[in-house]
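Report on the structure given below.
The values are calculated or read from the model by the stated rules, or taken from the named source; none is laboratory data. Bear in mind the structure is a predicted one, so any value in this text is a computation, not a measurement. Neighbour counts are summed over all protein chains in view; Cβ atoms, including those assigned to glycine, are modelled from backbone coordinates with ideal geometry.
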Amino acid sequence: MKLNRNLVGFAATGILVIAFSITAVLTNDTAVKTGENTAEQITTEQITANVTNGNIELKEGQPTAGVAAVLGEYEAAATEAVEQVASIQKETIEFVTASDVDEIIETVEEAQAAAVPPMSEEEAAWQNCLMADINSEMNVRAEASTEAEIVGKLHKGDRATVLEQGEEWTKISSGNVEGYVKNEYCVFGSEAYEYAQDNCTTVATVQINGLRIRKDMSTESGIVTTLAQNDQVVVDTDVDTADGWVAVRYRGETYYVSADYVDVDLQTGEALTLEEEAELKRKIASEQRPSDGITQTAAVAASVDELTLLAAIIQCEAGNQCYDNQLAVGAVVLNRVKSDRYPNTIYDVIFQKSQFGPASNGALSKRLSKGVGSTALAAAQAALDGQDNTSGAMHFKLASSGHAGVVIGAHVFY
């Protein structure tokens, strides 16, 4: 609220003139006695009393009535000025109350609603990044045109750095790929960060030997197990934790580790050049394949990369289960690959005779032709990155079987 500065200035000037005039009357040669009062302390009543009692001596020829007249004029002027200011204040307040308060309140509420909390350091690092918002893969082209040469591919979960963002196309860099992607299939900055949190796995990598997984967020809490340096565990991002602790998934349950001894990171991938993708396919195709009635399925599987193949078998075996269950299925496949008792490739483990039903009954082939879901892809990527929530299991069956082992969802892993 702002008052008319001219009117306020007039009122203030009038009051100051009165004060200086009274001071002049009382301190010049006209006044020789003022008792113990100073000019600033004397009131109108005191002036009248002093004149009446003879405490103020006037110069010869200066009528007493003249002093009273001067004081009266100044007092009247001051009163009028103050009344004008008060009137202006009242009118202004009434004006604002009647016409502007609702608008002011609404504006403040809108500003509060639009207020964005400060970015975390991790989110800030994503401001020049994008993620491909797709179910499987998208092309990266040499130029900003659908007719341009394809130079690589971004798969679901891959992250890229934005080099130059346009209205329709964006130039990106990811892995060994540099080229253009269509904006309509991408999310950028904070949206990309949120997308990664929803579709990629967050893992904690252990930095010391003997890190204890505890039942609760306390160094006095019970110890579930210990982890070796470079071990990785899935972070339970749905759980709120106290400072200094990280919630992790272990054997289907949520436990806690000290944040001081782990590096927490979102697991995102990188684009593949056409040569890199072709090499993966050649590697799969060159492996020995079973020949017991599953040739058609094997041929379909040979045309996809290991990530998609693993995600497909995960979805076939546990597509209706939770993420932890799907990760466990992927971990079983990778544990077999690492074991001397099973074939040493994902392809051969999946197609080994009488091991995974979907590989021989056509279900895997159908799933590959339809595409795989984001949860299965995320679980497959996590398993490929070394995550294992089964403690090394190489088998699983329905938990209702009563078999001993780690129960995760509807299955028991052993």
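For (1) assigned to a strand (DSSP E or B); (2) in contact (Cβ under 8 Å) with a residue 60 or more places away in the chain; (3) closer than 30 Å to VAL140 by Cβ, each residue gets a yes or a no:
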site	(1), (2), (3)
GLY179	yes, no, yes
GLU194	no, no, yes
SER218	no, no, no
SER221	no, no, no
ASP238	no, no, no
ALA247	yes, no, no
THR254	yes, no, no
ASP260	no, no, no
ASP263	yes, no, yes
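Taken as a whole, the structure leaves ALA298 outside the set of residues that are assigned to a helix (DSSP H, G or I), small (Gly, Ala, Ser) and modelled with pLDDT of 85 or more.
Does THR254 satisfy the condition of being touching a helix residue (DSSP H, G or I) at 6+ places or on another chain (Cβ under 9 Å), surrounded by fewer than 18 Cβ atoms within 10 Å (Cβ to Cβ) and over 30 Å from ILE134 (Cβ atoms)? Steps first, answer last, please.
Values: touching a helix residue (DSSP H, G or I) at 6+ places or on another chain (Cβ under 9 Å): no; surrounded by fewer than 18 Cβ atoms within 10 Å (Cβ to Cβ): yes; over 30 Å from ILE134 (Cβ atoms): yes.
Answer is no for this residue.
Considering only residues in the stretch 196-216 that are assigned to a loop (DSSP other than H, G, I, E, B) and over 12 Å from TYR250 (Cα atoms), the one that is modelled with the lowest pLDDT turns out to be THR201.
Considering only the stretch 395-408, state which residues are crowded, with 19+ Cβ neighbours inside 10 Å and either out of contact with any Gly (no Cβ under 6 Å at 6 or more places or on another chain) or within 11 Å of ALA331 (Cα to Cα) (or both). The answer is PHE396, VAL406.
The requirement of being at pLDDT below 85 and more than 18 Å from SER136 (Cα to Cα) is fulfilled somewhere in the stretch 314-326, by at least one residue.
List the residue pairs whose Cβ atoms are under 9 Å apart, where the first residue sits in the stretch 154-165 and is under 19 Å from LEU307 (Cα atoms), the second is of a type in the set (Ser, Thr, Tyr) and assigned to a loop (DSSP other than H, G, I, E, B), and the two are 6 or more positions apart or on different chains. Listed by first residue and then by second, the contacts come to HIS155/SER136; LYS156/SER136; GLY157/THR201; GLY157/THR268; ASP158/THR268; ARG159/THR268. Inside the stretch 242-251, can you point out the residues that are modelled with pLDDT of 85 or more and surrounded by 15 or more Cβ atoms within 10 Å (Cβ to Cβ)? TRP245, VAL246, ALA247, VAL248, listed by residue number.
From the residues in the stretch 165-181 that are modelled with pLDDT of 95 or more and of a type in the set (D, E, K, R), which one is farthest from the chain's Cα centre (by Cα)? Per the stated criteria, the residue is GLU178.
For the stretch 165-174, the count of residues that are among the hydroxyl-bearing types (Ser, Thr, Tyr), closer than 30 Å to TYR261 by Cα and touching a strand residue (DSSP E or B) at 6+ places or on another chain (Cβ under 6 Å) is at least one. When the stretch 392-408 is filtered for residues that are modelled with pLDDT under 85 and closer than 19 Å to ASN320 by Cβ, the ones remaining, listed by number, are ALA399, SER400, SER401.
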